[in-house]
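Read through the structure below, which is laid out as structure tokens, and then see the notes.
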2 protein chains.
Amino acid sequence: MNKRSVFELNDVKLDNNTLLLHESLFHNANGYIGVRSAFEEGYPDAYKTIRGQYINGFYDFKEAKQAENLYGLVQEKQTMLNVADTQSINIYFDEEPFSMFTGKVLQSRRWVDVEQGVTGRYVAWCSPLGKELEITIIRMASFHQLSLFTIEYQIKSGNFSGDIMIESQHSGNVSNFFDPSDPRTADEDEQYLTPMSCNIQYGTSYITSITSKSNLEVCSCVKNFLSGETERQFIIGDNAARCQMVTSTQKGGTVKLIKYSVFADSLRVEDCKAYAAAEMKKALSISMQELYQYQEDYLAEYWKNCDVEIQGDDALDIALKYSLFQLMQTASKDEYGNIAAKGLSGEGYEGQYFWDSEMYVQPFFTVTNPQISRNLISNRYEALEMAKLNARILGHEKGALYPWRTIMGKECSGYFPAGSAQYHINGDIAYSVIAYYLATDDEAFMHEQGTEIIFETARLWMDVGIFKCDGFHINAVTGPDEYTCLVNNNYYTNVLAQYHLRWAVKLYERFVKMAEFREMISRIKLMPEEVEGFRNAADKMVLPYDEKLKINPQDDSFLQKKIWDIETIPKENFPLLLHYHPLYLYRHQICKQADTVLAHFILEDTQSIETIRNSFDYYEKITTHDSSLSKSIFCIMASKLGMEDKAFVYFGNSLNLDLMDHQKNTKDGLHIANMGGNYLAIVYGFGGFRLKESGIFFAPTLPAKWTSYKFHIRYRNSLINVEVFRDQCSFYLEDGTPQEITVYGKPYLLENLLTIKIEGENGEV
Amino acid sequence: MNKRSVFELNDVKLDNNTLLLHESLFHNANGYIGVRSAFEEGYPDAYKTIRGQYINGFYDFKEAKQAENLYGLVQEKQTMLNVADTQSINIYFDEEPFSMFTGKVLQSRRWVDVEQGVTGRYVAWCSPLGKELEITIIRMASFHQLSLFTIEYQIKSGNFSGDIMIESQHSGNVSNFFDPSDPRTADEDEQYLTPMSCNIQYGTSYITSITSKSNLEVCSCVKNFLSGETERQFIIGDNAARCQMVTSTQKGGTVKLIKYSVFADSLRVEDCKAYAAAEMKKALSISMQELYQYQEDYLAEYWKNCDVEIQGDDALDIALKYSLFQLMQTASKDEYGNIAAKGLSGEGYEGQYFWDSEMYVQPFFTVTNPQISRNLISNRYEALEMAKLNARILGHEKGALYPWRTIMGKECSGYFPAGSAQYHINGDIAYSVIAYYLATDDEAFMHEQGTEIIFETARLWMDVGIFKCDGFHINAVTGPDEYTCLVNNNYYTNVLAQYHLRWAVKLYERFVKMAEFREMISRIKLMPEEVEGFRNAADKMVLPYDEKLKINPQDDSFLQKKIWDIETIPKENFPLLLHYHPLYLYRHQICKQADTVLAHFILEDTQSIETIRNSFDYYEKITTHDSSLSKSIFCIMASKLGMEDKAFVYFGNSLNLDLMDHQKNTKDGLHIANMGGNYLAIVYGFGGFRLKESGIFFAPTLPAKWTSYKFHIRYRNSLINVEVFRDQCSFYLEDGTPQEITVYGKPYLLENLLTIKIEGENGEV
């Protein structure tokens, strides 16, 4: 990474909405722990705060009462927990407390440095009594040591000489955010975690808590170091430990505080407290400088694999890097977690995992850091037995059906027509496994986990579908677009199921003679007749097509519905789901997001370019993009179809969705799938990249406003650097063995550097 | 009524299931109050009891949390309340308490007398210490005075001489039934009613309670009279009053107790306590004998209008009379109430009103006691403004949409795909208004209320429907069959909407010149263009028809679904809704109840008899009759189609549904719609009766096992007695002016007595 790698905001606004937004934007995470960036010293009493610290995959069960119960409906959900508060720190200068809400803020700044992997806050402050101070706070969730979160204060005195008292808190009295006035968040303060012990050992505070229903344990421990410390006392009580430290400064002097927090949970380790103690010891065994260096080294390797750079538009460049950094912050580094819809940045969607992982984020990791995709697939593999049980609940005798939303593997959809009915999740997961296989050729993993997932999920299509005279139908399911529910032959679902079934056949035929494969198919009792059934269903799959419009209708009856001109809808009525009854939405041709258009992206070879173009034009008019998963896909397809200006507008909108809080709910957490979509938009959109069985493809175009851009693709054992200029694009093999690549439809062998001239709109050599 | 009018059971079983069932079967009600027949003296501690007393239309709001909330979904329901306990009475013979669970029951009997309008319990009992007693208990909910419920004890001593202490209770500490182990009932004891006062005035106890959310008040008062009373004391406390009375008896002597309970509620009166006091005074102003006589007189008039009698099958005869008596017990006598799905006999469906009223019960009242239909329609008219608001919630700019289930007019459906989406409720209500008009020619009522309901509900079809090239489509609604939800062009819905719209046009044209009508249409701003729209939509209404099967498919895509052979389903898996996920049901051709078959019954002239026959055959194979609203309709249609034996089987099954507890849930209350269906089954089924614009029609057949049967029809100002024998049927004008009637397709003028010979299967003169 050569360019500026810092996303920063100066003159921090102190209104509550901005602070809540910043808690998300500047949160720290490493795939294991996530800490929202609340002010350490807190806000005034009247302010709301979502002051959370989370652990990926750590959950409790929560009652999910149905207003009217039916067989098999979800009765409890899983929810990600706020596990402890280790970020609270109050500072008193001769008893005058530091707060940006009192005195005068002379200068302020918040930032995230995506190369160093830290966030920062800088405040030049004059206290009500006239003390001048500069405070710099650096926070880090360590990638080197996943259990570790650090906060470092540098307090520089201007005109102040005297005592500084610091109270660093560690509290087990935490609960998830609730807001009775917002129907989308919890409306009552539910006690999920019960602190069991709080004590001090060798100057480290330990708090151990257990969940109320899931029977999990979490331990957090905290240690503080203050320069020039003269006094220290711990106040323990009410499941919290306050460490009060005193130091002093002279005018122009500097004081430093480092606060280490370490977490351990019983999903991953047996003795949480012992593990936390060992991890704390490990963290303290090296200096803070070394920890920062490890962070940078770790990220250097990450960026080497995935760095994307835009020349000619610094704002978009850093926005894009911000996105990719968040993907790294978010993705679980072990199989106990996955990627929550809001990552570890907030409590929206209760920390649950959706298809977002497979269709928006994994495509990024698969071609940049495939070992992360592998972990994510393993997380699904671990949940395969529960997916089988889920299929039984829904009446299927064979196969597995992954839950639409989950943490530990059980379904959490409270409203099944827009939840469990989204059977395409099975296809999405299979698609991501196939993509991983295509990108890595990791046959061993396919034998261990990949093919079993593909077969068990393929089986479900056979049970849900039905052969009628004109083909294989999949009825009563919901596609990605939740503004239409419970339909027959959703195009996205069916075309994906077709692809899924064909790959099941292909993998079976490819591996059938191998012993480790035969062991698995015998264990899951997969018979050759069943595989024949897969082939037959795929061949006969119904893919709705309208002769008159020459498009793929979203489902069998989509075109029968009322047209609803988006232009006539008052702006304040978006997103529509918050302003219209679902029945009203279901009765109209109106889309929350890309559905058929997404299908045309991921499986572009199934339809002619004319059908894809007609469909794009048709659906674009009726798509509200009320989902954050939509614009990136429209960007890709606009780019594919030669609508460069349109693609560029979609790209900018998509990239700034959180940074500019377009959906007004980033306070509840970042839209992580959208961040993956941003990568897809530039690489698959402008770069024209595709990963297929026949290899990798590029068809780059350069947006008019840019000078150039580059991106990286890891394919098999090679790392390819792609750079796109106005009149040429270059492919450089940074690492690994030569690879065949296709550029603008022509095959090349990439051995070292390949430069191709761009001529005309669609690019030609 | 000439025959035995008592349904009785001897040797009362004392297992808990039987007792709960009997609480429903022998409940007392008069359309205003309902009292479940728990034993006055209670059951052993381990027994469950649904010891409820209810007031029609009296409700509280109850939270209805959605597991996942969407715009416009119901957040609270209404629930009918258990208002007080006035039925508890304990008797001590020289301190030995009476209980059927101790000592020895020598003889026992429970009965309901549908002519006298009372229920009874007789017990010949030998106490553990050998006292022999006969106790007869008669309970009555008075039709003459709706606020009044009485219990009369006659205690006859065999070998006992000594003191009898009677403790008669009156308690405000009541709550609705809950059972954490049954997902279909409330799972916690929620306190809806708070007793505000409990006191004694002039020997009468008064308890006044208020609801927690609906802000309603109810007052109950109780007075006891004991023969030979020597002592009396009241014990008041904890919102309850216990009246302890002492009397004595000699061997062979008789003691009598009468307990009067009177109820008043703030829906109907301003000062509940004053009203209750006045009503108590009124009740006490005449003797019990007179009260019994009034009850019998009232019912004599009722039976005169509706009596149905079967010769040759006493069991079916009394079962049918039992049904008709329950309809009378159940139906509100004022516009503050309607007909709850379980009447006033239990808490199933929370006392809410459904289409059951209009399509199953009103057809009975409309042709027997039309003033009750009129009240029921008025209850809907009172809720018209709320139905308009409901339409707005569902996105409709014009018109009214009645809630699928409600008490006070707001929607209570917790699961809208099988609730609010049943837009046919609008057509059902319109249908019932039209039927009332056809039967009574009550034009004044049409001007006051009827047409306004019809127009406002008709408007909704225009807003929900859509003209496409091939016709007028109604999308994303649910028909009566809840095993298929959210479909396009449900045949029942569409054909009913067509009828509804045509009648809207007809009534407009018929009344348009009348001043009182013009005032209304100007008030609701109904324009001639709108009426033209009604006509156009009706003419172009899409009515699904399958050329190959020559049936009306239930909806556009019904025949695309999987066939599921009912024979292969394990018996214990019925009703399917308790054993299969809705998505599984939605994906199969399986019906909970008559849907298209019901449409063919109520609008038989829309299709050829061949289509109706083919459809019957088709749907019969895939209908589970999991709904209690189904078999009566299949009986009618089997009879129409000449399948007499089949019709007879359906009839018997339907008639005994509650008496034999076929659905294993009669404990939660009687299936009132089914009881209406039983009337329809004999009169519309075997009697071949139809009420149409062109008059009334008969085509009687006599089931092979019967000697004869008769029924009554009130049409316009006349009462017609129809008697059907093996070889002839007779029509006798009991009352009113001559009427034209059609019998076996031939018109007659009924002036006095008309006898028609039955020849051949379909009957001919």
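Take the conditions (1) in contact (Cβ under 8 Å) with a residue 12 or more places away in the chain; (2) under 30 Å from B:Asp735 (Cα atoms); B:Met280 misses just one of them, which is (2).
Filter the stretch B:32-91 down to the residues that are among the basic types (Lys, Arg), within 14 Å of another protein chain (Cβ to nearest Cβ) and assigned to a loop (DSSP other than H, G, I, E, B) and list them by number.
So the first thing to find is which residues in the stretch B:32-91 are among the basic types (Lys, Arg), and the list is B:36, B:48, B:51, B:62, B:65, B:77.
From what is left, the residues that are within 14 Å of another protein chain (Cβ to nearest Cβ) are B:62, B:65, B:77.
Result: B:Lys65, single match.
For the stretch A:99-107, the criterion of being over 22 Å from A:Glu350 (Cβ atoms), in contact (Cβ under 8 Å) with a residue 12 or more places away in the chain and either buried (at least 20 other Cβ atoms within 10 Å of the Cβ) or among the small types (Gly, Ala, Ser) (or both) is met by at least one residue. Within the stretch B:448-506, the set of residues being under 24 Å from B:Glu693 (Cα atoms) and either among the β-branched types (Val, Ile, Thr) or modelled with pLDDT under 95 (or both) comprises B:Thr451, B:Ile453, B:Ile454, B:Thr457, B:Thr493, B:Val495, B:Val505.
Screening the stretch A:203-263 for strands (runs of 3 or more DSSP E) wholly inside it with 2 or more residues that are buried (at least 19 other Cβ atoms within 10 Å of the Cβ) returns the ranges A:204-211, A:217-226, A:240-249.
For B:Glu8, are the conditions met, namely being acidic (Asp, Glu) and surrounded by 23 or more Cβ atoms within 10 Å (Cβ to Cβ)? No. Restricting B:Tyr275, B:Tyr302, B:Tyr294 to those that are touching a His at 6+ places or on another chain (Cβ under 9 Å) and assigned to a helix (DSSP H, G or I) reduces the list to B:Tyr294.
Criterion applied to A:Leu583, A:Leu559, A:Leu543, A:Leu577 was being surrounded by fewer than 21 Cβ atoms within 10 Å (Cβ to Cβ), within 13 Å of chain B (Cβ to nearest Cβ) and within 32 Å of the chain's Cα centre (by Cα), and the one residue passing it is A:Leu577.
A count restricted to the stretch A:716-760 and to residues that are assigned to a loop (DSSP other than H, G, I, E, B) and surrounded by fewer than 17 Cβ atoms within 10 Å (Cβ to Cβ) stands at 12. Checked across the stretch A:352-365, the condition of being within 13 Å of chain B (Cβ to nearest Cβ), touching a strand residue (DSSP E or B) at 6+ places or on another chain (Cβ under 8 Å) and polar (S, T, N, Q) holds for at least one residue.
Within the stretch B:717-728, residues that are in contact (Cβ under 8 Å) with a residue 60 or more places away in the chain sit with their Cβ atoms under 9 Å from residues that are surrounded by fewer than 18 Cβ atoms within 10 Å (Cβ to Cβ) and part of a strand (DSSP E or B), at 6+ positions apart or across chains, in these pairs: B:Leu719/B:Glu734; B:Leu719/B:Asp735. For the stretch A:660-687, which residues satisfy the criterion of being in contact (Cβ under 8 Å) with a residue 60 or more places away in the chain and at positive phi? Selection gives A:Asp661, A:Gly669. Beta carbons closer than 8 Å, at least 6 apart along the sequence or on distinct chains, pair a first residue in the stretch B:14-27 that is of a type in the set (Val, Ile, Thr) with a second that is surrounded by fewer than 24 Cβ atoms within 10 Å (Cβ to Cβ) and not in a helix (DSSP H, G or I) for B:Thr18/B:Val12. Look through B:Ile377, B:Ile372 and report the one residue that is under 16 Å from the mean Cα position of the chain (by Cα), more than 14 Å from every other protein chain (Cβ to nearest Cβ) and surrounded by fewer than 24 Cβ atoms within 10 Å (Cβ to Cβ). On inspection, the qualifying residue turns out to be B:Ile372.
Tell me, yes or no, whether the stretch B:94-117 has at least one residue that is of a type in the set (Phe, Trp, Tyr) and closer than 30 Å to B:Ile339 by Cα. Steps first, answer last, please.
Taking the stretch B:94-117 and keeping what is of a type in the set (Phe, Trp, Tyr), we get B:98, B:101, B:111.
Imposing the further condition that a residue be closer than 30 Å to B:Ile339 by Cα reduces the set to B:111.
Among the residues of the stretch B:94-117, at least one is of a type in the set (Phe, Trp, Tyr) and closer than 30 Å to B:Ile339 by Cα, which makes the answer yes.
The condition (being within 14 Å of chain A (Cβ to nearest Cβ) and either over 30 Å from B:Lys640 (Cα atoms) or in contact with a strand residue (DSSP E or B) (Cβ under 9 Å, 6 or more places away or on another chain) (or both)) is satisfied by just one residue among B:Gln589, B:Gln593: B:Gln589.
The set of residues from the stretch B:385-412 being more than 11 Å from chain A (Cβ to nearest Cβ) and in a helix (DSSP H, G or I) comprises B:Glu385, B:Met386, B:Ala387, B:Lys388, B:Leu389. Exactly one residue out of A:Ile166, A:Ile151, A:Ile135 is farther than 28 Å from A:Glu279 by Cα and modelled with pLDDT of 95 or more, and it is A:Ile135.
Taking the stretch B:39-72 as the range and being under 23 Å from B:Thr211 (Cα atoms) and free of Cβ contacts under 8 Å to residues at least 12 places away in the same chain as the test, only B:Lys65 passes.
Does B:Gln116 satisfy being in contact (Cβ under 8 Å) with a residue 60 or more places away in the chain, surrounded by 14 or more Cβ atoms within 10 Å (Cβ to Cβ) and not hydrophobic (A, V, I, L, M, F, W, C)? Break it down into steps so the answer makes sense when it comes.
Working: in contact (Cβ under 8 Å) with a residue 60 or more places away in the chain: yes; surrounded by 14 or more Cβ atoms within 10 Å (Cβ to Cβ): yes; not hydrophobic (A, V, I, L, M, F, W, C): yes.
Taking the combined requirement at face value, the residue satisfies it.
Residue count for the stretch A:413-450, restricted to those that are within 14 Å of another protein chain (Cβ to nearest Cβ) and aliphatic (A, V, I, L, M): 3.
Give the number of residues within the stretch A:47-81 that are small (Gly, Ala, Ser) and more than 22 Å from A:Gln191 (Cα to Cα).
Restricting attention to the stretch A:47-81, the residues satisfying the condition of being small (Gly, Ala, Ser) are A:52, A:57, A:64, A:67, A:72.
With more than 22 Å from A:Gln191 (Cα to Cα) added as a condition, the list becomes A:67, A:72.
Adding up the residues that qualify gives 2.
Can you tell me how many residues in the stretch B:411-465 are among the charged types (D, E, K, R) and surrounded by 22 or more Cβ atoms within 10 Å (Cβ to Cβ)? Looking only at that region, the number is 4.
Does the stretch B:18-48 hold any residues that are surrounded by fewer than 17 Cβ atoms within 10 Å (Cβ to Cβ), in contact with a helix residue (DSSP H, G or I) (Cβ under 7 Å, 6 or more places away or on another chain) and not charged (D, E, K, R), and which are they? Selection gives B:Tyr47 alone. Filtering the stretch A:453-480 to residues that are charged (D, E, K, R) and out of contact with any Leu (no Cβ under 7 Å at 6 or more places or on another chain) leaves A:Arg459, A:Asp463, A:Lys468, A:Asp470.
Under the condition of being within 17 Å of B:Val35 (Cβ to Cβ) and of a type in the set (S, T, N, Q), which residue from the stretch B:310-351 is surrounded by the most Cβ atoms within 10 Å (Cβ to Cβ)?
In the first step, residues of the stretch B:310-351 are kept if they are within 17 Å of B:Val35 (Cβ to Cβ); the result is B:325-326, B:328-333, B:337, B:340, B:342-348, B:351.
Still in the running and of a type in the set (S, T, N, Q): B:326, B:329-330, B:332, B:345.
Numbers: B:Gln326: 28, B:Gln329: 24, B:Thr330: 29, B:Ser332: 24, B:Ser345: 32.
Checked the stretch B:310-351; the qualifying residue surrounded by the most Cβ atoms within 10 Å (Cβ to Cβ) is B:Ser345.
Considering only the stretch A:454-503, state which residues are within 14 Å of chain B (Cβ to nearest Cβ) and small (Gly, Ala, Ser).
Quick first cut of the stretch A:454-503, residues within 14 Å of chain B (Cβ to nearest Cβ) only: A:460-478, A:482-490, A:493-494.
Passing the criteria: A:Gly465, A:Gly471, A:Ala476.
Restricting the stretch B:103-148 to residues that are of a type in the set (D, E, K, R) and not in a strand (DSSP E or B), the residue that is farthest from the chain's Cα centre (by Cα) is B:Lys131.
The values are calculated or read from the model by the stated rules, or taken from the named source; none is laboratory data. Everything quoted here is computed from the prediction, not taken from an experiment. Because the Cβ atoms are built from the backbone with ideal geometry, glycine has one as well, and the counts that use them run over all protein chains shown.
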